[in-house]
Amino acid sequence: MIRNFFNLKKSVNFFSIAIVLFLSLIVQSCREEDGPELMDELSLKSEVISTGNTLVWGSETITISPGRIAATATFKIGSSGLDYFDKCLTLHVKNGNSSATKVASAIILVDGVLTVRAVDFLKKPSRIIKEICSVKESTTIDIVVFGKQGSNIEIWIEGILKPEYMKDARDGRFYKVIKIGTQTWMAENLAFLPSLSPPESSSETSPHFYVYGYSGSSLEEARNSQFFKFNGVLYNWPAAMNGMPESNLIPSGVRGICPAGWHLPSDAEWTLLFDYLENNGFGYEGSGNDIAKSLASKTGWSTTANFSNVPGNNPENNNSSGFNAYPAGAMGNGIFHLMGRNVIWQTTSMVSPGISTRVTQRYLQYDLFRPGRSVGYQISGVSVRCLKD
């Protein structure tokens with residue numbers, strides 16, 4: 001059955017209503033004569049169609065079959081992530097691949113509201129674009145297409161990500177981002193998990209990926225764990241670098257495990273971040289170098305710290321910078337540890353390139369007022385924050 005065709009808003013004029021009624025009767029008549037239902041239940045899916053922040057649901061093609069003069073379809077958005085997009089999306093209708101495959105007319109309703117009308121096709125346009133607002137996951141799009149055998153339309157919906165979000169095309173995960181000074185950082189630890197390493201497995205030369213507290217072998221189970229959702233993934237240095245050479249440049253020039261358009265920061269780039277916060281009033285009382293609270297998340301931290309200017313004391317006052325550093329812990333010597341007390345990040349920088357295999361890492365600790373720099377082992381599994389190119 002054609003859904004929602006009579007659930008039209010008062011703003012639709014009588015001429016449009018007459019068209020809807022007339023075309024609906026034609027389609028119903030075709031169904032009674034030809035037998036099979038003409039409606040296809042199709043579900044729009046979200047995928048990145050550009051390297052920028054434009055995403056698309058679809059696309060799907062509706063083609064008129066042999067012996068018919070009409071075809072119908074119902075699309076259901078049914079896709080999570082709408083909160084990441086601007087309020088209004090755009091509905092795109094491509095009319096055929098050539099003049100021979102253009103449809104005679106079509107009508108499209110979005111949640112029962114007539115959005116694309118038959119009169120929009122009078123001049124046989126190649127493309128029709130309509131703005132649609134207040135789209136929900138439950139939004140339904142009903143389509144009726146009229147024309148000769150083989151004529152078709154292609155339909156999809158485009159959305160623009162809000163500037164405070166980005167999407168990793170590799171796994172479809174959304175991340176909040178934050179601009180601090182001249183830098184744009186992910187405001188979450190990276191959670192890209194191409195494979196899984198058990199805690200007892202480690203290496204200084206091959207990539208290893210860990211999910212805090214998980215010792216099994218199922219990627220699905222690991223991704224569904226609560227630690228994965230909040231902490232992201234713990235990467236040893238080969239996994240974080242993804243085959244790239246070390247760097248202490250600004251920018252590092254090392255994409256590493258980060259998504260396209262982003263890179264793994266060097267030690268010097270971390271210094272640039274911390275210097276900006278110290279010099280721009282992000283100290284605990286509006287000045288000074290005690291910037292740890294401004295970087296730390298409001299949740300997850302051990303609250304046993306005694307000093308007022310550290311992440312573990314009154315954590316509800318943390319995160320004035322928006323960096324949202326969650327205490328994700330680490331993997332070392334086959335043991336997950338430091339959850340709630342520390343977050344440690346990989347950098348692209350080695351301590352003494354060509355002399356030592358030790359690497360420079362940056363960290364926050366629940367009872368320290370400044371971010372720290374540590375000398376780490378390539379074997380250790382710690383967090384990754386990505387920086388926009």
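Only the coordinates and a few stated rules stand behind these numbers; no lab work does. All values reported here derive from a predicted model rather than from experimental measurement. Neighbour counts are summed over all protein chains in view; Cβ atoms, including those assigned to glycine, are modelled from backbone coordinates with ideal geometry.
What to note about this one:
- MRE, 222 nm, helices only [DSSP H, n ≥ 4, -39500 (n - 2.57), over the chain, to nearest 500]: -4000 deg cm²/dmol
- Charging the Cβ of each Asp and Glu at -1 and of each Lys and Arg at +1, and nothing else, the dipole of the range 279-389 about its Cα centre rounds to 240 debye.
- Using Cβ point charges alone (K and R +1, D and E -1), the dipole size of the chain about the Cα centre works out to roughly 800 debye.
- Positive dipole terminus of the chain, leading residue within 224, 289, 72 (C-beta point charges): 72
- Compared with the dominant Cα axis of the chain, that is its longest principal axis, helix 14-34 is turned about 80°.
- Dipole check for the range 123-188: with +1 at the C-beta of Lys and Arg, -1 at the C-beta of Asp and Glu, and the Cα centre as origin, the magnitude is about 300 Debye.
- Gap separating the Cα centres of the range 198-217 and the range 55-76, nearest whole Å: 46
- In percent, rounded to a whole number, the relative contact order of the chain is 14, using alpha-carbon pairs under 8 Å and six or more apart.
- Nearest-ten-degree value, helix 267-279 long axis tilted from longest Cα axis of the chain: 90
- In the range 169-388, a dipole from Cβ-located charges (positive for Lys and Arg, negative for Asp and Glu) runs towards its positive end, and of 202, 254, 304 it is 254 whose Cα lies farthest in that direction.
- Computed on the range 169-388, with alpha-carbon pairs under 8 angstrom and 6+ residues apart, the relative contact order is 24 percent.
- DSSP-loop trypsin sites (Lys or Arg not before Pro) across the range 272-377, with at most 16 other Cβ within 10 angstrom: 298, 358
- The fewest-to-most ranking of 363, 210 by surrounding Cβ atoms within 10 Å reads 363, 210.
- Dipole of the chain [Lys/Arg +1, Asp/Glu -1 at C-beta], most positive-end residue of 241, 110, 338: 110
- Listed pairs 76/148; 76/176; 298/388; 167/229; 87/176; 94/130 exceeding 21 Å between Cα atoms: 76/148; 76/176; 298/388
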